[in-house]
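**Student:** Structure incoming, see below.
The values are calculated or read from the model by the stated rules, or taken from the named source; none is laboratory data. Here the structure is a predicted model, which means the values were calculated and not measured. Cβ coordinates were reconstructed from backbone atoms using ideal geometry, including for glycine residues, and neighbour counts include every protein chain displayed. Side chains included, ligands, DNA and RNA excluded: accessible areas come from the protein's heavy atoms. Shrake-Rupley method; radii C 1.70, N 1.55, O 1.52, S 1.80 Å.
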Amino acid sequence: MKADIMGREKTPNDSEYPLIIVKQTGSTSDDIEALLKSKVINDADIENFHGYAELAFAQTNGHGRFDRSWDSSYGGVYQSTLVFMEKMPGINFSQLIICVALSLFKTVASFLEGRHEVKIKWPNDITVDGRKVCGILLKSIPGNGRTPVIIGTGINIFNKIDEAAMRESAILKPANLQQFSDRELGEKDIMAVSEIYRKTFHDHINRASSGEFGELFIEYNQNLLYLGREIEVYGQMETGISTARGEFAGITPEGFLIVRESGENRVIASGEVKVSFLN
């Protein structure tokens, strides 16, 4: 593991879930995956490691969907959380994704104190005034009779945004929260955003496990970017091949996209969306 757990300082936190903080690592998700593969965590330790998280202020090998590189320069919340599906009764993987996205949406909205339009862009981004400030990547690693999931999150706080390095197929321009703030942001804000997210996420998981997922799902659907607008859907933007075009009608409880084409609803399991300019 590129970022050794030994020698790290455990942050003071009232939460029952441990958080490890490092200035820099290759990838917090890779670190947690290496921890799982090291067999340090046995069946008896699931209770202690459920909710375990690692936060880095910078990553040298951040990655997103389709193994794309994620710009993780100094000044962001690059945090991965380990959870076990067995510890979240009544929640499936799709519902977990929705809980994560809603938690990050609320985190960003809370930090900006409602002064900007914050939205959830299906399936894995959070936007502020139409610009991407956060990405999500979940990875399930089943085995040995248990189902650990690594939840990777990247939130741009004051890290430098290099628009020249953007891939040509990128749908949204990136931004950081500094661009929407009326004060200078620093490391204390990284810690603050991390803490808001951690508390919100665990609250949502507990609510979903207690039968309140329906309420969370409604709130998720109400805050979707492009809802009610004409969109195009791509399996992967780099292909340039559109697989569907129609009105964005929301998300199913399974997390699938609903596109209304020619008066009928079409359900799409995965892909990437952008606003259609061919109306």
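**Student:** Considering region 92-108 alone, what residues qualify as being open to solvent by 30 Å² or more (accessible area, probe 1.4 Å) and either among the hydrophobic types (A, V, I, L, M, F, W, C) or not in a helix (DSSP H, G or I) (or both)?
**Tutor:** Listed by number, the residues that qualify are Asn92, Phe93, Ile97.
**Student:** Return the residues of region 26-45 that are more than 20 Å from the chain's Cα centre (by Cα), within 16 Å of Thr81 (Cα to Cα) and β-branched (Val, Ile, Thr); say none if nothing qualifies.
**Tutor:** Ile41
**Student:** Would you confirm whether or not region 85-101 contains a residue that is within 28 Å of Lys23 (Cβ to Cβ), touching a residue at least 24 places away in the same chain (Cβ under 8 Å) and of a type outside the set (A, V, I, L, M)?
**Tutor:** No, every residue in region 85-101 fails to be within 28 Å of Lys23 (Cβ to Cβ), touching a residue at least 24 places away in the same chain (Cβ under 8 Å) and of a type outside the set (A, V, I, L, M).
**Student:** Now a separate question. Only one of these conditions is not met by Thr147: (1) modelled with pLDDT of 95 or more; (2) in contact with a helix residue (DSSP H, G or I) (Cβ under 6 Å, 6 or more places away or on another chain); (3) polar (S, T, N, Q). Which number is it?
**Tutor:** Looking at each condition in turn, Thr147 falls short on (1).
**Student:** Give the residue, chosen from Ala170, Ala164, Ala192, that is assigned to a helix (DSSP H, G or I), aliphatic (A, V, I, L, M) and modelled with pLDDT under 95.
**Tutor:** Answer to the selection: Ala164.
**Student:** Residue by residue through region 205-229, note down the ones that are free of Cβ contacts under 8 Å to residues at least 60 places away in the same chain and part of a loop (DSSP other than H, G, I, E, B).
**Tutor:** Within region 205-229, Leu227, Gly228, Arg229 qualify.
**Student:** Based on this model, can you work out whether Ser72 counts as touching a residue at least 40 places away in the same chain (Cβ under 8 Å), open to solvent by less than 10 Å² (accessible area, probe 1.4 Å) and part of a loop (DSSP other than H, G, I, E, B)?
**Tutor:** Yes: the conditions hold for Ser72.
**Student:** With the condition kept exactly as written, say whether any residue in region 94-109 is at pLDDT 95 or above and over 23 Å from Ile251 (Cα atoms).
**Tutor:** Checking region 94-109: not a single residue is at pLDDT 95 or above and over 23 Å from Ile251 (Cα atoms).
**Student:** Please go through region 212-229 and pick out each residue that is open to solvent by 70 Å² or more (accessible area, probe 1.4 Å) and not β-branched (Val, Ile, Thr).
**Tutor:** Glu215, Gln222, Leu227, Arg229
**Student:** Let me ask something else. Name the residues in region 76-91 that are over 18 Å from Thr252 (Cα atoms) and surrounded by fewer than 22 Cβ atoms within 10 Å (Cβ to Cβ), would you?
**Tutor:** The answer is Phe84, Met85, Glu86, Lys87, Met88, Pro89.
**Student:** Counting just the residues of region 230-245 that are of a type outside the set (Ser, Thr, Tyr) and open to solvent by 50 Å² or more (accessible area, probe 1.4 Å), which one comes out modelled with the highest pLDDT?
**Tutor:** Glu230
**Student:** Now, a different point. Please go through region 173-189 and pick out each residue that is closer than 29 Å to Val275 by Cα and either at pLDDT 95 or above or assigned to a loop (DSSP other than H, G, I, E, B) (or both).
**Tutor:** Answer for region 173-189, where residues must be closer than 29 Å to Val275 by Cα and either at pLDDT 95 or above or assigned to a loop (DSSP other than H, G, I, E, B) (or both): Lys173, Ala175, Asn176, Leu177, Gln178, Gln179, Phe180, Ser181.
**Student:** Turning to a different aspect of this structure: Kindly indicate whether Glu232 is in contact (Cβ under 8 Å) with a residue 60 or more places away in the chain, among the acidic types (Asp, Glu), closer than 25 Å to Val128 by Cα and out of contact with any His (no Cβ under 8 Å at 6 or more places or on another chain).
**Tutor:** Here the answer is no, as Glu232 does not meet what is asked.
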